[in-house]
1. Within the bounds of the stretch 43-62, is there any residue that is among the aromatic types (Phe, Trp, Tyr), within 29 Å of Pro286 (Cβ to Cβ) and modelled with pLDDT under 90?
2. Exactly one of these conditions fails for Asn81: (1) modelled with pLDDT of 95 or more; (2) more than 17 Å from the chain's Cα centre (by Cα). Give me its number.
3. Which of the following residues is more than 19 Å from Ile190 (Cβ to Cβ), in contact with a helix residue (DSSP H, G or I) (Cβ under 8 Å, 6 or more places away or on another chain) and surrounded by fewer than 21 Cβ atoms within 10 Å (Cβ to Cβ): Leu110, Leu105?
4. Checking Ser274 against (1) part of a helix (DSSP H, G or I); (2) in contact with a Leu (Cβ under 8 Å, 6 or more places away or on another chain), which single condition isn't satisfied?
5. Any chance you could count how many residues in the stretch 113-136 are among the polar types (S, T, N, Q) and buried (at least 18 other Cβ atoms within 10 Å of the Cβ)?
6. Would you mind telling me which numbered condition in (1) under 21 Å from the mean Cα position of the chain (by Cα); (2) in a helix (DSSP H, G or I) Glu255 fails?
7. Taking only the stretch 201-230 into account, find how many residues are touching a helix residue (DSSP H, G or I) at 6+ places or on another chain (Cβ under 6 Å) and β-branched (Val, Ile, Thr).
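The values are calculated or read from the model by the stated rules, or taken from the named source; none is laboratory data. Bear in mind the structure is a predicted one, so any value in this text is a computation, not a measurement. Quick reminder, even Gly has a Cβ in these numbers, built from the backbone with ideal geometry, and neighbours come from all protein chains shown.
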Amino acid sequence: MQIRRQRPRTAANGFEKQDEASEAFKDIIIKYNIINDMTRHKLSGAGAAIPTPFTPDGRVDYPALARTIDYIIDGAMFIKNHIAGRVPLVIGVGGNSTSEVLDQLREFDLRGADAILSVTPYYNKPSQEGLYQHFKTVSEHSPLPIILYNVPGRTGVNMTAATTIRIAGDFPNVIGIKEASGKIDQIQEILDWRSRDFLVLSGDDALTLDLMSRGADGVISVAVNAFPRKMMTCIDLAKKGDFEGAHKAYECLEEAVTALFAEGNPTGVKCAMSVLGLIGNTLRLPLVPGTPQLEARFKELIAKYDLN
């Protein structure tokens, strides 16, 4: 058998340059992974899905938004200039047209953001392969780490655990998922098969402690907008592994969290926040403000359980 001697790796035959390029590429990957690891660490725990406050005539109420951000952070807890690096900022970039999502990535001012939250395409109900190809394309164009968002009750399509794990395994800038399917078995499958550094965040306040006891990393929460102090107490205890204490602390929130979704979201949380004096109870059609009965319910619960 003839054994061919490998040519020496010299600049003349290009091997040395290839090695240099490979090492440079490895260095880029290592640095990118370090940045992603830092981002993942910052995004565990509790995040706030902040509703947009409006003035009575339907314009964005920026002073109310600033009050809301301060209230959440001071309560132990995400735009931009007002956050000023105090907590991570995740910006929603998504839609049911892949090309339009790419337009958003080019046109949105993403400076100061730590990651994007990208929902599965809605209404047109893509297949699992369609979901994979959509997020493949988004990942190839995103300048920031990506958190997937699966919320079939709103989009009309469920991204399976297998598709989530496939996307996470193939694209290193996809660093986590906000899972709001309500399917415990599916979320458990993601937890069982994920890589060590893939974030799994609850998208349902009421399921958060159960999911964290199974290994989830936290929540992107609606309740934390209105009740940050109480909600963060629960999350902090859960992060320490004290699930008995976390469930005990959650007892005072259980009725209020149920009320937040009784007339839909963001109707409920805006009603609660208006009772707390943070924002006006104004929504844009087709959404309408919470009923007087819901407002009375929040007044009762806030007083009863000291939720302000």
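1. no
2. (1)
3. Working: Leu110 fails: in contact with a helix residue (DSSP H, G or I) (Cβ under 8 Å, 6 or more places away or on another chain).
Selected residue: Leu105, the only one of Leu110, Leu105 that is more than 19 Å from Ile190 (Cβ to Cβ), in contact with a helix residue (DSSP H, G or I) (Cβ under 8 Å, 6 or more places away or on another chain) and surrounded by fewer than 21 Cβ atoms within 10 Å (Cβ to Cβ).
4. (2)
5. Matching residues across the stretch 113-136 total 2.
6. Every condition holds for Glu255 apart from (1).
7. Selection size over the stretch 201-230: 3.
Matching residues to (1) within 11 Å of Ala256 (Cβ to Cβ); (2) exposed (fewer than 14 other Cβ atoms within 10 Å of the Cβ); (3) among the aromatic types (Phe, Trp, Tyr):
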| residue | (1), (2), (3) |
| --- | --- |
| Val269 | yes, no, no |
| Met273 | no, no, no |
| Leu285 | no, yes, no |
| Gln293 | no, yes, no |
